[in-house]
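**Student:** Just passing along the structure, written as structure tokens.
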Amino acid sequence: MDRSNKKMYHIGLGFGVLSGFVLLPGDPGRVDLVLSFLEGSRVLCFKREFKSGVGFYKGVRVGVLSTGIGGPSTAIAVEELARIGAHTLIRIGTTGTIQKNIKIGDIIIATAAVRGDGTSKYYAPPEYPAVASIEVVNAAIEAAERLGVPYHVGIVWSNDAFYAEGDYVEFWRRKRVLSVEMEASTLFTIASIKGLRAGAILLAINEAGREISEETWRKYIDRLILVGLETVHILASRDTKENNKN
């Protein structure tokens, strides 16, 4: 871990500038939405697809960094965040549903991800599982319960080819995979290897393979952000209790 003041090449941040807890939306435009929920918030840097900011939620310092689309840029974000002191990375993004009981606006809490991306294969062979941290999963479930948000828990599929997803929906539906997105498997794989906590909280916005209508899901985006922030608050509270025991 580089504890110097050197800024990371891509995200433009140095050690300790952000937070140990970082929310990871894909879209840089959603960084400002997250910051609007935080006290004392400010934008830190915006380079390429990586826009970052920081603020406080219920007294907990929370960082936010956009990852862009897909595994390659997500891997860069995770690598550089690990170098500047992040320990808990939670993706808050959108997803296309595969199971028919999931409605637009529902939250999906990923326990693991099918490694359909190309990036994670450079880090570990296919047999290596892409698994979310159990602490993050449990905290996200509690957060959704507290907020009264409809949610589902299970495996998601990470895929590199957005417009080819529909060709595989029936296959993954039979495997009881919940939804498809593009970043979780890369995040989970690298985080596990580096000893970081990681999770993914996803907002169902359409049926996989179908055209997206932004008007139908945009009204639910606050729900996604609040579940992410409440998850961080729960984790921070549990960390404090555990540290006090020791």
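**Student:** What distance in nm separates the simple spin-label points at Cys45 and Ile212, each placed 7 Å from Cα in the Cβ direction?
**Tutor:** Using points 7 Å along Cα→Cβ, the separation is 2.6 nm.
**Student:** Ignoring ligands, DNA and RNA, what percent of the 1.4 Å accessible area of the range 66-144 is carbon and sulfur?
**Tutor:** Ligands and nucleic acids excluded, carbon and sulfur give 62 percent.
**Student:** Give me the 1.4 Å probe accessible area per residue for the chain, excluding ligands and nucleic acids, in Å².
**Tutor:** In whole numbers, the chain has 45 Å² accessible per residue.
**Student:** How many lysine pairs in the chain, separated by 8 or more positions in sequence or lying on different chains, have Cα atoms less than 17 Å apart?
**Tutor:** The result is 7.
**Student:** Calculate I(q)/I(0) for the chain by the Debye formula, one identical point scatterer on each C-alpha and no solvent, and give its log10 at q = 0.10, 0.15, 0.16, 0.17 Å⁻¹ to two decimals.
**Tutor:** Per q value, in the given order, log10 I(q)/I(0) is -0.42, -0.99, -1.14, -1.29.
**Student:** How much of the DSSP beta bridge set in the chain is antiparallel, as a percent to the nearest 5?
**Tutor:** 40 percent
**Student:** What residues have an amide H closer than 5 Å to that of Ala200, excluding those fewer than 5 places away on the same chain, when H is modeled at 1.01 Å from N in the peptide plane?
**Tutor:** Arg91, Ala110
**Student:** While we're on this one: Over the range 145-246, what percent of the accessible surface lies on carbon and sulfur atoms, probe 1.4 Å?
**Tutor:** 47 percent
**Student:** Could you tell me which residue out of Gly228, Ile76, Gly12 lies farthest along the dipole of the chain toward its positive end? Charges go on the beta carbon: Lys and Arg +1, Asp and Glu -1, centred on the Cα centre.
**Tutor:** So the residue we want is Gly12.
**Student:** Could you run the Karplus curve 6.51 cos²θ - 1.76 cosθ + 1.60 with θ = phi - 60° over the range 58-69 and give me ³J(HN,Hα) per residue in whole Hz, x for Gly and Pro?
**Tutor:** 6, x, 9, 6, 10, x, 9, 9, 6, 9, x, 9
**Student:** Roughly what would the spin-label model give for Lys6 and Val153, points 7 Å off Cα along C-beta, in nm?
**Tutor:** Result: 4.1 nm between the two label points.
**Student:** For the range 1-146, evaluate the Debye formula with one uniform point scatterer on each Cα (no solvent term) and list log10 I(q)/I(0) at q = 0.10, 0.18, 0.20, 0.21 Å⁻¹, rounded to two decimals.
**Tutor:** Rounded to two decimals, the profile gives -0.37, -1.20, -1.42, -1.51.
**Student:** Enter the per residue convex hull volume of the range 136-246, computed from alpha-carbon coordinates, in Å³ rounded to the nearest integer. Spell out each step's value before the answer.
**Tutor:** Details: hull volume 13.1 nm³, N = 111.
Here the figure is 118 Å³ per residue.
**Student:** Give the residue list of GluC sites (Glu not before Pro) in the range 196-246 that are DSSP loop and have at most 12 other beta-carbon atoms within 10 angstrom.
**Tutor:** For GluC sites (Glu not before Pro) across the range 196-246 that sit outside H, G, I, E and B with at most 12 neighbouring Cβ atoms in 10 Å, the list reads Glu211.
**Student:** State the extension gain, in nm to one decimal, for the chain segment bounded by Glu127 and Ser36, taking 0.36 nm per residue of separation less the distance between their alpha-carbons.
**Tutor:** 28.7 nm
The values are calculated or read from the model by the stated rules, or taken from the named source; none is laboratory data. Owing to the predicted nature of the structure, the values given are computational and were not obtained by experimental measurement. Note: ideal-geometry Cβ built from the backbone for every residue, glycine included; neighbour counts use all protein chains shown. All accessible areas refer to the heavy atoms of the entire protein, side chains included, with ligands and DNA or RNA removed. Shrake-Rupley method; radii C 1.70, N 1.55, O 1.52, S 1.80 Å.
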